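Q: Structure in structure tokens, see below.
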Amino acid sequence: MLARVALAAITAYAPVAHARVVAADPIDTTPHVLDGIVNAITVVGRTVVVGGSFSEVSDASRTTVHARDNLFAYDLVTGRVLPGFAPSVAGPVYGLAAGDSGTVYVGGEFHGVDNRRARGLARLSLADGALVPAFQPRVGGGMVTALARQGRHLYVGGDFVSPRTALARLDATTGAPDAGFAVEPGAPLTSRVKVYALAVSGRRLAVDGSFTTLDGQSRPQLGLIDVGGPVARVAPWRTEAYARPCSSAFPSYVRGLDFSPDGRYFAVVTTGGPKGGMCDTTARFETWAKGSAIRPTWVNSTGGDSLYAVAVTGAAVYVGGHQRWLDNPQGRDSAGPGAVSRPGIGAIHPSTGKALSWNPTRERGIGVKAFYAHGSGLLVGSDTTRLGREYHARIGMFPLP
């Protein structure tokens, strides 16, 4: 059991590279989320912001309980729940991104903050939880599921219909839609278009969701957008990896993605059911490959259990869901030849695609819904209370050794 963690330099907007795999023993100073689920985590300076669907949190010792409506913050080093940041968010939070000047962007399925109108997306002050009045995003007709900040731009994904359909780039200060970004997901596998995850690295924005086209070009469930010029364009990068169906219960099944720290590659995780193929897998893709039938560099299968979250640090590709195994391509809701036990959380070698020996274990539940890699370790958010064989309710952190 590790009692505390030294503060390393923390980037404001994106995870940093790790030279090593994180320790398997979580630190003891993280607070606990006492109900519901954690869907999103970000770090602003030395403040950890946690969003999801919950109503109570406690300090690490479980001696003090704080009422918190779907959002709270704590000190990364001490674990102290910040008393001044207690906004009442009227609905689940699904996405977070760090802002400038001690602020955080909050996305989800809510209609207000502290009884003030804020539909789906808001920018809040970490000092007191108040809405930043200059930020007026005008998101309407649906929820926000994913956020990514890059400089003066805020990328937003979800199933909203305005200011654009399911995917938008906003001015990070005002919330106004960017006229240079009009790439539209379309031809959905579900009743409406939904972006599940997005990530940005340099000139590339990666997006996944229920769409099969981007600006009318075939991009089944996954695509890259060139955001380096004055006008964003669909990149000449296409894969058919996710064109085949999985279980009928999962008409779309691509869920999480993350770029490597250097942006050369990215990893994608899926749900889908025990049908083989790309269902319930992690896959690596090369960012700068070109073509209409790009194949994954490697694929690692759970053999029938969903993955929802992924974090790429250079030292490892961390994956989380409610999986029982990795290295299990022949499993069909069972352990096939070569399968290794990795309940609820695991790590994959970025080059070989094989499971690393790191195996802290996690109570499986619904699964890991959030990772955040930073200069001191890896934060994990889920719906269960056991992480690394210890009590860490819905939020925990593995430190760098």
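The values are calculated or read from the model by the stated rules, or taken from the named source; none is laboratory data. It should be emphasised that the depicted structure is a prediction, and the values quoted were computed from it without experimental measurement. Neighbour counts are summed over all protein chains in view; Cβ atoms, including those assigned to glycine, are modelled from backbone coordinates with ideal geometry. Note: areas computed on protein heavy atoms with side chains; ligands, DNA, RNA excluded. Shrake-Rupley method; radii C 1.70, N 1.55, O 1.52, S 1.80 Å.
Q: Kindly provide the set of residues from region 332-383 that are of a type in the set (Val, Ile, Thr) and either open to solvent by less than 10 Å² (accessible area, probe 1.4 Å) or in contact with a Cys (Cβ under 8 Å, 6 or more places away or on another chain) (or both), ordered by number. Break it down stepwise before answering.
A: Of all residues in region 332-383, those of a type in the set (Val, Ile, Thr) come to 340, 345, 348, 352, 361, 366, 368, 380.
ILE345, ILE348, VAL368, VAL380 - these are the residues of region 332-383 that are of a type in the set (Val, Ile, Thr) and either open to solvent by less than 10 Å² (accessible area, probe 1.4 Å) or in contact with a Cys (Cβ under 8 Å, 6 or more places away or on another chain) (or both).
Q: Return the residues of region 25-65 that are within 19 Å of the chain's Cα centre (by Cα), over 30 Å from SER357 (Cβ atoms) and among the polar types (S, T, N, Q); say none if nothing qualifies.
A: Matches in region 25-65: THR47, SER53.
Q: Do we have ALA249 as open to solvent by less than 30 Å² (accessible area, probe 1.4 Å) and touching a residue at least 24 places away in the same chain (Cβ under 8 Å) here?
A: no
Q: For the subset of region 252-271 comprising residues that are in contact with a strand residue (DSSP E or B) (Cβ under 8 Å, 6 or more places away or on another chain), part of a loop (DSSP other than H, G, I, E, B) and in contact (Cβ under 8 Å) with a residue 40 or more places away in the chain, which member is most open to solvent (accessible area, probe 1.4 Å)? So that I can check it myself, show each step before the final result.
A: First, the residues of region 252-271 that are in contact with a strand residue (DSSP E or B) (Cβ under 8 Å, 6 or more places away or on another chain): 252-261, 263-271.
From what is left, the residues that are part of a loop (DSSP other than H, G, I, E, B) are 252-253, 260-261, 263-264, 271.
Restricting the remaining residues to those that are in contact (Cβ under 8 Å) with a residue 40 or more places away in the chain gives 252, 260-261, 263, 271.
Numbers: SER252: 4, SER260: 5, PRO261: 60, GLY263: 6, THR271: 1 Å².
For region 252-271, the residue satisfying everything is PRO261.
Q: How many residues does region 205-227 contain that are in contact with a strand residue (DSSP E or B) (Cβ under 8 Å, 6 or more places away or on another chain) and open to solvent by 20 Å² or more (accessible area, probe 1.4 Å)?
A: If we filter region 205-227 for residues that are in contact with a strand residue (DSSP E or B) (Cβ under 8 Å, 6 or more places away or on another chain), which is where we start, we get 205-217, 219, 221-227.
Then drop every residue that is not open to solvent by 20 Å² or more (accessible area, probe 1.4 Å), which leaves 212-213, 215-217, 226.
Final tally of qualifying residues: 6.
Q: How many residues are more than 15 Å from ASP114 (Cβ to Cβ), part of a loop (DSSP other than H, G, I, E, B) and either of a type in the set (Lys, Arg) or touching a residue at least 24 places away in the same chain (Cβ under 8 Å) (or both) if we restrict to region 72-96?
A: 7
Q: May I pose another question? Take the residues in region 347-401 that are among the hydroxyl-bearing types (Ser, Thr, Tyr) and in contact with a Gly (Cβ under 7 Å, 6 or more places away or on another chain); name whichever of them is farthest from TRP298 (Cα to Cα).
A: Ranking the candidates gives THR384 first.
Q: Within region 177-200, can you find the residues that are within 15 Å of TYR253 (Cα to Cα), surrounded by 19 or more Cβ atoms within 10 Å (Cβ to Cβ) and free of Cβ contacts under 8 Å to residues at least 60 places away in the same chain?
A: Answer for region 177-200, where residues must be within 15 Å of TYR253 (Cα to Cα), surrounded by 19 or more Cβ atoms within 10 Å (Cβ to Cβ) and free of Cβ contacts under 8 Å to residues at least 60 places away in the same chain: VAL193, LYS194, VAL195, LEU198.
Q: Read through the list (1) open to solvent by 30 Å² or more (accessible area, probe 1.4 Å); (2) in a loop (DSSP other than H, G, I, E, B); (3) not small (Gly, Ala, Ser), then give the number of the only condition that GLN323 fails.
A: Single failed check for GLN323: (1).
Q: Testing PRO274 on (1) surrounded by 17 or more Cβ atoms within 10 Å (Cβ to Cβ); (2) touching a strand residue (DSSP E or B) at 6+ places or on another chain (Cβ under 9 Å), one condition comes back false. Which one is that?
A: (2)
Q: Checking the structure you have, find out if any residue of region 151-161 is in contact (Cβ under 8 Å) with a residue 40 or more places away in the chain, surrounded by 15 or more Cβ atoms within 10 Å (Cβ to Cβ) and over 22 Å from the mean Cα position of the chain (by Cα).
A: No, there is no match, as no residue in region 151-161 is in contact (Cβ under 8 Å) with a residue 40 or more places away in the chain, surrounded by 15 or more Cβ atoms within 10 Å (Cβ to Cβ) and over 22 Å from the mean Cα position of the chain (by Cα).
Q: Given the conditions (1) open to solvent by 20 Å² or more (accessible area, probe 1.4 Å); (2) free of Cβ contacts under 8 Å to residues at least 60 places away in the same chain; (3) closer than 24 Å to THR42 by Cα, and given that ARG295 satisfies all but one, which numbered condition is not satisfied?
A: ARG295 satisfies all of (1) open to solvent by 20 Å² or more (accessible area, probe 1.4 Å); (2) free of Cβ contacts under 8 Å to residues at least 60 places away in the same chain; (3) closer than 24 Å to THR42 by Cα except (3).
Q: Of all residues in region 68-88, count the ones that are open to solvent by 20 Å² or more (accessible area, probe 1.4 Å), touching an Asp or Glu at 6+ places or on another chain (Cβ under 6 Å) and closer than 19 Å to ASP35 by Cα.
A: Adding up the residues that qualify gives 1.
Q: Of the numbered conditions (1) at positive phi; (2) surrounded by fewer than 16 Cβ atoms within 10 Å (Cβ to Cβ), TRP288 satisfies every one except a single condition; which is it?
A: With respect to (1) at positive phi; (2) surrounded by fewer than 16 Cβ atoms within 10 Å (Cβ to Cβ), TRP288 is out only on (1).
Q: Which of the residues belonging to region 19-71 are closer than 14 Å to ALA86 by Cβ and free of Cβ contacts under 8 Å to residues at least 24 places away in the same chain?
A: SER55, GLU56, THR64, HIS66, ALA67, ARG68, ASP69
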